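Enquirer: This is the structure I have questions about; it appears just below.
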Amino acid sequence: MSMLRVIVLATVVGLLSTAPAFAQRNRPRKRVSPHETVSAVIAGNEVKVTYGRPYSKNPRGKDIRKIWGSLVPYGKAWRLGADEATTILLQKGIKIGDAAIPAGAYTLYLIPEENGGKLAFSKNLGGWGVPVDEKNDLVRVDVKKEPLSPPRDQLAIAVEKAVNGGDLKIMWEDSQYTVNFTNE
């Protein structure tokens, strides 16, 4: 890795480490959901995702909410989590289909559809998560939707090794959205 890339990556990691404190001071309300960071090293490339993990159960009541197509409407940009915007940090660039995504930090959001959807990588960092800022998209890529059994009460995101590179998986309720990526 070139010295310039190392310096840029160190700067991005430093900025991301202060983002939670900045968001803590400037967020419009208290966090409602627990937060998690997941990561995996895929062929020497660390991919790290930090996100809020909402539950299907309504935090203001006892009812179980219908997620896909209701709480999270089809065809509309969704923050992909709860509270602060979901972020992804790529140590090295990746390719998803024909889309090249350079090393760096991005906000992720999902545009779910009944039979698939799009995952967006946004250059806008450090926000609360809503409203979604679509004008700063670097790229949108297709995601595959599959049934999930057993259903999940809490949103989960995973970064996993796959036969061809890695998979980014979004799992909640009765559905899983998956996108495969390779290193650039």
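Enquirer: Does the range 127-153 hold any residues that are open to solvent by less than 40 Å² (accessible area, probe 1.4 Å) and of a type in the set (Gly, Ala, Ser), and which are they?
Expert: Gly127, Gly129
Enquirer: Looking only at the range 159-170, which residues are assigned to a strand (DSSP E or B), over 17 Å from Lys118 (Cβ atoms) and out of contact with any Gly (no Cβ under 9 Å at 6 or more places or on another chain)?
Expert: Lys161, Ala162, Gly165, Gly166
Enquirer: Still on this model: Under 9 Å by Cβ, and 6 or more places apart or on different chains, what pairs join a residue from the range 30-48 that is touching a residue at least 24 places away in the same chain (Cβ under 8 Å) and of a type in the set (Asp, Glu) with one that is assigned to a strand (DSSP E or B) and open to solvent by 60 Å² or more (accessible area, probe 1.4 Å)?
Expert: Partner pairs satisfying both residue conditions: Glu46/Ser39.
Enquirer: Let me ask another. For the condition of a type in the set (A, V, I, L, M), open to solvent by less than 30 Å² (accessible area, probe 1.4 Å) and not in a strand (DSSP E or B), what is the one hit in Ala120, Ala82, Ala156, Ala105?
Expert: Of the residues listed, the single one that is of a type in the set (A, V, I, L, M), open to solvent by less than 30 Å² (accessible area, probe 1.4 Å) and not in a strand (DSSP E or B) is Ala82.
Enquirer: I would also like to ask the following. Look at Glu173 and say whether it is modelled with pLDDT of 95 or more, part of a strand (DSSP E or B) and surrounded by fewer than 16 Cβ atoms within 10 Å (Cβ to Cβ). First the steps, then the outcome.
Expert: Numbers: modelled with pLDDT of 95 or more: yes; part of a strand (DSSP E or B): yes; surrounded by fewer than 16 Cβ atoms within 10 Å (Cβ to Cβ): no.
The answer is no for Glu173.
The values are calculated or read from the model by the stated rules, or taken from the named source; none is laboratory data. Fair warning: this is a prediction, and the values are worked out from it, not measured in the lab. A quick note on method: Cβ atoms are made from the backbone with ideal geometry, for glycine too, and the neighbour counts reach across all protein chains shown. Note: areas computed on protein heavy atoms with side chains; ligands, DNA, RNA excluded. Shrake-Rupley method; radii C 1.70, N 1.55, O 1.52, S 1.80 Å.
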